[in-house]
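The values are calculated or read from the model by the stated rules, or taken from the named source; none is laboratory data. Please read these numbers as outputs of a predicted model, since none were measured by experiment. Backbone-built Cβ (ideal geometry, glycine too); neighbour counts: all protein chains shown.
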Amino acid sequence: MQWAKIQVITTNEAIEAVSEILTKFGAKGVEINDPLDHYEKPSSDTVIDQRTLTEGEVSVTTWIAESEKLNPEAIKKEVEGLSEFGLDPGEVKIYLSFEDDQNWNLTWREHYSPIPVASNMVIIPVWQKEEYQNDPRIKIFIDPGMAFGTGDHPTTILTLQALLIAYRLEDKVFDIGSGSGILSIAAVKLGAKNVYATDLDQTTIENAEENLRINGVSQDVELKVSDLLKATDQKADLILANILAEVHFQLIPELDSHLNEGGRVILGGIIKEKEAAITDKLEDFGFKVTERLSMKDWVSLIVQRVD
């Protein structure tokens with residue numbers, strides 16, 4: 001079997017949305033190349049896979065099995081259409097090449113290594129599980145070829161760092177837009193009583209189930225296909241949402257009715273340009289920011305009800 005390698009040149013702001021679009025066309029995971037991940041400020045153009053990234057550009061690459069879903073022009077059209085949702089995808093470019101099955105598997109694994117989240121937490125590719133069994137840190141094992149939110153992007157790292165600050169033992173946790181399940185796994189390993197996780201896509205839920213199994217926490221997490229919190233009338237002590245800023249505007253009105261007294265909320269995936277609008281919306285619905293974490297162009301917020 002041959003695999004099509006599709007490389008999308010876009011902006012940091014659009015990374016998460018581009019990743020979601022690629023899933024619709026058969027992608028099982030993405031590789032993100034962002035010059036700011038390696039340089040505080042690029043001193044010159046960065047070359048990725050023979051494509052030149054200028055300042056402000058990032059590369060999102062995936063491998064898709066040859067099928068009727070392989071449609072680079074349709075992918076480009078959807079990425080360009082992100083501007084209708086308030087995201088700037090930049091000058092979108094699509095590059096296409098082909099690799100055989102053996103090369104795809106080898107190439108995929110070459111791009112992943114353990115990712116330290118904090119001094120006491122690390123994200124580890126599942127094929128390195130045995131090597132890290134005795135590591136004293138909290139270990140989150142992820143198959144990066146299965147789903148998105150695998151820890152290699154600032155939004156995931158920031159949300160995990162916020163979780164390390166805000167969690168309490170025996171918390172009941174909601175994980176909204178769970179993706180690969182990485183936040184749910186971390187919550188359980190930090191001592192959550194139980195976790196209720198939702199995502200819009202059934203395939204994503206199935207991938208998260210496998211990651212939960214790998215980490216031995218399947219019995220502690222309930223996964224459900226749902227639009228935000230609409231599928232439950234329960235309340236949580238801690239709500240996690242590492243989602244696009246535009247979706248936060250829809251989620252914030254639902255928070256109060258789903259939060260226990262003294263509850264906390266972590267909002268991740270916020271591009272800095274949208275932070276002020278998010279905090280204004282929070283204030284409109286009776287919430288205040290108690291802690292702010294930032295990395296590059298991204299922000300995560302820990303919020304509570306106003307006393």
Checklist entry - Does A14 satisfy the condition of being of a type in the set (A, V, I, L, M, F, W, C) and either in contact with a Pro (Cβ under 6 Å, 6 or more places away or on another chain) or at pLDDT 80 or above (or both)? => result yes
Checklist entry - Consider I165 against the criteria (1) buried (at least 17 other Cβ atoms within 10 Å of the Cβ); (2) in the same structural domain as T232 (by TED's automatic domain parsing): it satisfies all of them except one. Which criterion is unmet? => result (1)
Checklist outcome for this item: Within the range 226-250, the residues that are without any contact (Cβ under 8 Å) to a residue 60 or more places away in the chain, closer than 22 Å to T155 by Cβ and either among the charged types (D, E, K, R) or outside any helix (DSSP H, G or I) (or both) are S226, D227, L228, L229
Next on the checklist: I'm checking my understanding of the structure. Among residues of the range 99-126 that are modelled with pLDDT under 80 and assigned to a strand (DSSP E or B), which one is farthest from I15 (Cα to Cα)?
Outcome noted: D100
Checklist entry - Mind checking whether some residue in the range 262-273 is touching a residue at least 12 places away in the same chain (Cβ under 8 Å) and assigned to a helix (DSSP H, G or I)? => result yes
Next on the checklist: If I ask for residues that are part of a helix (DSSP H, G or I) and of a type in the set (S, T, N, Q), which ones from the range 274-293 would you list?
Outcome noted: T279
Checklist outcome for this item: Reported set for the range 294-307 where residues are among the β-branched types (V, I, T) and either under 24 Å from Q234 (Cα atoms) or part of a helix (DSSP H, G or I) (or both) is I302, V303, V306
Item to check | Residue ranges of strands (runs of 3 or more DSSP E) in the range 41-98 with at least 2 members touching a Leu at 6+ places or on another chain (Cβ under 8 Å), β-branched (V, I, T) and modelled with pLDDT of 75 or more | outcome: 57-65
Next on the checklist: in a helix (DSSP H, G or I) and within 25 Å of P89 (Cβ to Cβ): is that true of A208 in this structure?
Outcome noted: no
